[in-house]
Amino acid sequence: MTIPRRVLVGAGIALALLVITLGGRALFKRPAGGGVGVAADDGLGVGMQAVTLYFADPEGADLATERRDLVVGTQTSTLVSAALAALADGPLDRLARTVPEGTRVRHVFVDNDGAVYADFTGELAGGMAGAGLSQEILLLRSLARTLDVNFRNLKTLVILVDGQAVPSLGGRIATDRPLVLSEWR
């Protein structure tokens, strides 16, 4: 007995759709544990990560949160880099940016002791020139709180600009030594 060609083609299409559907669900599923510090992995090293980003509230007086789902790799440095890049891109809605316009993340390294070395483009320091103390504090709190809330194993942040430590971003708060994340909540 032979199976009609139409039936075989239909079964093949149905099977392909099932594989695509299940593969897509695996790629875009939320990670266990509320999405903190772990990416859903599809076996290719890419997944989705839910993060809480801290921007300035509309008045620029305090921090407010914005949730985002980011496409990321599974290494901690890749996750941290994606979160910091999202901060640098600015808020999607009603909130105000804390990272100066045009700033980009050049590189992120996370060591085994929980220290994050984040290298930003020169716009970070250039955009803070002439900024007030409250803007400088909001920027540092925004960076620190975003890292502290999303990546519990991280302890400190070392801010670099174009590969170099800078004494201060806005001239008021020292950034040439590691910032302890828990002190910037």
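Read-outs: derived from the displayed coordinates by stated rules, not from any lab. Predicted, not measured: the structure shown is a model, and the values here were computed from it. Don't worry about glycine lacking a Cβ; one is built from the backbone with ideal geometry, like all the others, and counts go over all protein chains shown.
Please rank R67, R145, fewest neighbouring Cβ atoms within 10 Å first, as an exposure proxy.
Fewest-to-most ranking of R67, R145: R67, R145.
In segment 31-184, Cα pairs under 8 Å separated by at least six residues give a relative contact order of 19 percent. With 0.36 nm allotted per residue and the present C-alpha distance subtracted, the D176-D113 stretch has 20.8 nm of extension available.
The simple spin-label model puts a point 7 Å past each Cα toward its Cβ; for T65 and T52 those points are separated by 0.3 nm. Per-residue Cβ neighbour counts within 10 Å put V99, V161, V71, V46 in the sequence V71, V46, V161, V99, beginning with the fewest. Residue order for D57, D119, fewest other beta carbons within 10 angstrom first, comes to D57, D119.
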